Structure formats: structure tokens, C-alpha cells
Amino acid sequence: MVQQAAPVAVAVAPAEPARSALRSRVWGWVRLAAGVGVLAVLVWRLGSGPFLDGLRGVDATAIALAFGIGVLTTVACAYRWALVARGLGVAIPLREAVGAYYRAQFLNTTLPGGVVGDVHRAVRHGKDIGDVALGVRAVVVERTAGFVITIVLSVVTLAVFPSPVRAHMPLAVGALAVGALLVWLVKGRMHRLLGRTGISDARTGLGVLLTTAVVLAGHLITFLVAARTAGATAPLHLLAPLTLLALLAMALPCNIAGWGPREGVAAWAFGAAGLTSGQGVATAVVFGVLALVASLPGAVVLVLRWADRRRAARKPVMLEHELLDSGVHRRMGHGHG
């Protein structure tokens, strides 16, 4: 009986990774279909006009502003990543961190899912330091910390300014308060957890908080620029929470390089606030274009990295040819002698 059981275990074991890969592939297609579905519904309900209006509205001034703000937010993100990595015992020069972050943003902006760039950044950095697990950990902690702080700042902002969700903000604030109380009650365990994530000391935590606030402010300003570019004339105190809702929608995993939920939520938020849904879609489209423009330095980083790898791969071949040539010359010299 023991001899018969062994082949069964061998046959079943490889099936689990296959099932996991299948589930991941199916979930990826479901998320992609959801993003496409949101865009399809918007086109069905509003037509293609808001999308085309958004594309036509982009001008040189908006592009220049978005690019400049993008430099500031990317440096802030890179510095946040360097802070977290340093807490984990890994030093990342700021220049390298900025280049890697630009590359990640470009991939996130051009590929489905919105996280491919971060995965690439984590694995690439892990290979560079010889510890992929540590590289992935640094990126996961950095992104998670930024996301949590963004949620907290967003809830506070939405509770202060008028918005379609302001009536529900007391519930959200209460949930955050309960969460903070639970953290305080288990602060000893949380301290050990934070110690393992590299943001336990006050200076690093403050740095992560400030850089995340800068990033959020930069994205908000870019969205407001997009709203003005799309023709929205509403006061800033009304536009700010609407754009914030659209920004939060980009965190949903069912997007196509950021497109889909952002446009859907913008259409709903602008319509609920007394503006037009078409204006919300046009604003989101302009923001998508500006985000792509701001990430274009990442394409340059990708090309330069590819060129470096090509040169590195050709060096051994060139060295081999030089050695062969020198050997031929030596043999020819001996023959003439």
C-alpha cells in the first residue's frame, strides 16, 4: 500500500502550482474585462464625445505643468522607497531610486493592472542586491505604507470639503478611529512588526508621511490642472474632493494601465456634485494623458538599461575575438621568422 501511495503524491503535487497559475491568469483576465466593461458602459451612456474632448483639450501648458509636478512626486516616491529600504538595511542611492521609480511608473501607466512596474522594480532591485525576497519586501512595505497614509489623508480631506460622499465620512472616520485604537492596544506586537518592515523609528515614519503627503498633493494638483484643461470652471474647493475620489478609484485592481475605474468614478462624482458626467470623463482622460507624459522619462531609463545590457553581453564576445586575433598575429609572426 505504501508503494502505491507514493506515485499519487508525486502526481498531485505538481497540479497545485498549475491550478494557482490558472487562477492567477483567470483573475487577470477578469480584472482586464472589468476595466474594459467600465469604459464600454461610459461610451454607451455618454458617447465618445467626452473622451475626444479630453484628448483635444490637452495643451502645452498642461503638459509642462504635469511634467514638472511629475518630477517632484517621483523624487518624493523614490526618497520614500530609499527610506524604507534603509530601515531594512539596504542602501539605495537616490539617483538610482529615481530612475527605477520612473521606469516603474512608465510600466504601470502603459501596461494592464497598474502594478507591473512595481513588480519589476522589486525583482530588479532584489537581483541587484543579491536578495530578491528583501527587494520585494522593501517595495511592498513602501507601497503599503504610502497607500495607508493616502487613505487616511483622503478620508480627512473628504470629511472637510463638500463632496458626494461627505455624508458617509463620519462612518469612515469612525472606522479609522477603531483601527487606530486596535493598533494602540496591540502596539507591542505592532512595534515588532514595524521593526521588521523598516519604518519603526520616528524619523523614517515621519519621512514616509511627508513624502506621501507631497505625492498626494502633486497628484491632486495635476488632476485639478486636468479639470481646468477639460473646461471645468467649478471652484477648487468643490473640484478637489471630486478629483480625490477619482484618484482613489485608480487603486482598484480592475484597470487598464489606470484607465477604467478612474473615468467611471469621475463621471459619477462630477454628476453627483451638480456638474456633468461628461466633464468628469473628459477630466479623467486629460489626467491619463498627463500621467503618461509625466512618466515618459521612465521610457528613457528602460532604453538606457537595455543598451547597457547589450553592451555588457557583447563585451565577452569582443574580448574573445581580440584574443583570437592576437593569437593569429602571433602565429603569423612566428611563421615569418
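The values are calculated or read from the model by the stated rules, or taken from the named source; none is laboratory data. Note that this is a predicted model, so its numbers are computed, not measured. Positions of Cβ are backbone-derived with ideal geometry, glycine not excepted, and every protein chain shown enters the neighbour counts. SASA here: full protein model, heavy atoms, side chains in, ligands and nucleic acids out. Shrake-Rupley method; radii C 1.70, N 1.55, O 1.52, S 1.80 Å.
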Just to check I understand the Karplus step: with θ = phi - 60° and J = 6.51 cos²θ - 1.76 cosθ + 1.60, what whole-Hz values come out for region 257-263, glycine and proline as x?
6, x, 8, x, x, 4, 5
Taking amide H positions as placed 1.01 Å from N in the peptide plane, with prolines and chain starts having none, which residues 5 or more places from G258, or on another chain, fall under 5 Å of its amide H?
G113, G114
Please get the size of the charge dipole for region 237-319, origin at its Cα centre, with Cβ charges of +1 on Lys and Arg and -1 on Asp and Glu, quoted in debye to the nearest 20.
740 debye
Using the Karplus curve 6.51 cos²θ - 1.76 cosθ + 1.60 with θ = phi - 60°, what ³J(HN,Hα) values do you get for each residue of region 53-59, in whole Hz, with x for Gly and Pro?
4, x, 5, 6, x, 5, 10
In sequence order, calculated HN-Hα J values of region 218-230 (Karplus, 6.51, -1.76, 1.60; Hz; x Gly/Pro):
x, 5, 4, 5, 4, 5, 5, 4, 4, 5, 5, 5, 7
Determine the order of E263, E96 by accessible area, beginning with the largest, at a probe radius of 1.4 Å.
E96, E263
